Each structure stands twice: as C-alpha cells, then as structure tokens.
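Written below as structure tokens is the structure these notes are about.
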Ligand SMILES: [Ca+2]
Ligand SMILES: [Ca+2]
C-alpha cells in the first residue's frame, strides 16, 4: 500500500522514450523521486547513445546530399564489372577534406593497394558542372573533373570541362599509398570552381582497371550518390 508507478517520458533527438517504471513509495517524498529520476535519465541517455552508434559506421548520414564520410560495404563489387578480382578494388571508406589550400582525398580499400595490376583509383569531383557519365550503373554519380591515383604513387587531375579535357600530373609525394589506404593531396588551384563554392563541391570514388568502359569500374563509394567535401 502506498506505492505508485512513476512513468517519465523524455524526448531525445525527436524520439519519445520512456524511462523504466519503478515502484516508488509515495512516502519517500519528492526528494527521493528526484534522486531516482536523475540516475535513471542518465542510464537511458547512455543506452540511447550506445544504440544509436551502429558499430564502426560513422557515415554521418543526415539526409541525401549531406554524406561526409562513407563506410562502403564489403564485397559489393558491381555485377557489371568484368575485370580481375582484387580486394584492393573493394572500397571500405572514403572521405574528402579541404583546408583552404589543399583537397585531400582519402580512401581505404579492403586489400593492400597494388594487389591488382593496372588498378586506377579515381575520384570524380563536381565543382558545379558535374554530369552523370556512367549510364544506368550510377545515375546519381556526377562530376566535371577526375583525380586519379595509382599504386606506384603517381597521379593526375583531369578537367573534363575543357575541350579537349586537360590533364595535370601531380607532383611526387602527392599520392601516398600505405597498406590499404590511398591519400591524394591536390592543390585547390587545380580544382577551380565551375559554379559551386568550394564547400559545396561533391565527390565520388571508384576503383577501376583500365579506362574507357563502364565494365572496368569495380565499386562506387558512396553507391549512386556523391559525397560532400569537408570544408572549414
Ligand atoms: Ca565496397
Ligand atoms: Ca560501394
């Protein structure tokens, strides 16, 4: 006799959550009730935080067009790909940052880069005039410039808006291969705007073997959409 169930509701990120009901003697008074609520609220917040952090997935997805880092699926090689199999063609993570001077394109593959001879590691960048160029296999991937890195540490930037397209060879040291990770640093002077402000540039990453045909593309990251550039 004298016990009641106190049910507490809180709103976290738009989710209505209910604290676990616990019998509290009315005689314990308001002080005891508050003493119960605070640790219970903290436990729910901690539990919610743990639940909302889905393992190593830091996609930072807050909606279409606002993807800043992609954790790409393993073994999602495109069915249209007909080239040699290699774990270094399967993207696992991709990200682009801009610090006001340079763009840094960082990708992590499922295997050691260089495993597949002739592999090209390509970033497409949309600076404002990007268009889809792969037909049905990636209608949401659009770009007007490509940055290409190779396992031997060489790289090029090709502006597709020029007629004919113009290529610039990256200086030694701008393509760094370390195990499964490839990092390409490109001066912003090589990526002049074609309409977008720098912070609005978008990109996509795809490994391929050879150039010229869509069936040489092994994987896209992200799949069928572009990634946002991280910029100050
Ligand atoms: Ca993948
Ligand atoms: Ca993919």
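Would you confirm whether any residue within segment 89-96 is away from ligand 2 (no atom under 16 Å from the Cβ) and farther than 19 Å from residue 146 by Cβ?
no
Residues 135, 155, 130, 114: which one is surrounded by 22 or more Cβ atoms within 10 Å (Cβ to Cβ), farther than 20 Å from residue 228 by Cα and either away from ligand 1 (no atom under 16 Å from the Cβ) or modelled with pLDDT of 95 or more (or both)?
Step by step, each of 135, 155, 130, 114 is checked, and only 155 is surrounded by 22 or more Cβ atoms within 10 Å (Cβ to Cβ), farther than 20 Å from residue 228 by Cα and either away from ligand 1 (no atom under 16 Å from the Cβ) or modelled with pLDDT of 95 or more (or both).
Restricting to segment 104-160, name every residue that is in a loop (DSSP other than H, G, I, E, B), in contact with a helix residue (DSSP H, G or I) (Cβ under 7 Å, 6 or more places away or on another chain) and within 16 Å of ligand 2 (Cβ to nearest atom).
110, 111, 134
Taking segment 86-95 only, how many residues are within 13 Å of ligand 1 (Cβ to nearest atom) and outside any helix (DSSP H, G or I)?
The total comes to 6.
Cβ-Cβ under 6 Å, sequence separation 6+ or interchain: first residue in segment 212-232 and more than 16 Å from residue 139 (Cβ to Cβ), partner assigned to a helix (DSSP H, G or I). Which pairs?
Every condition considered, the pairs that remain are 218/89; 231/198; 231/199.
The values are calculated or read from the model by the stated rules, or taken from the named source; none is laboratory data. Everything numeric in this text was worked out from a predicted model, so none of it was measured. For neighbour counting, all protein chains shown are included, and Cβ atoms are generated from backbone atoms with ideal geometry for every residue, glycine included.
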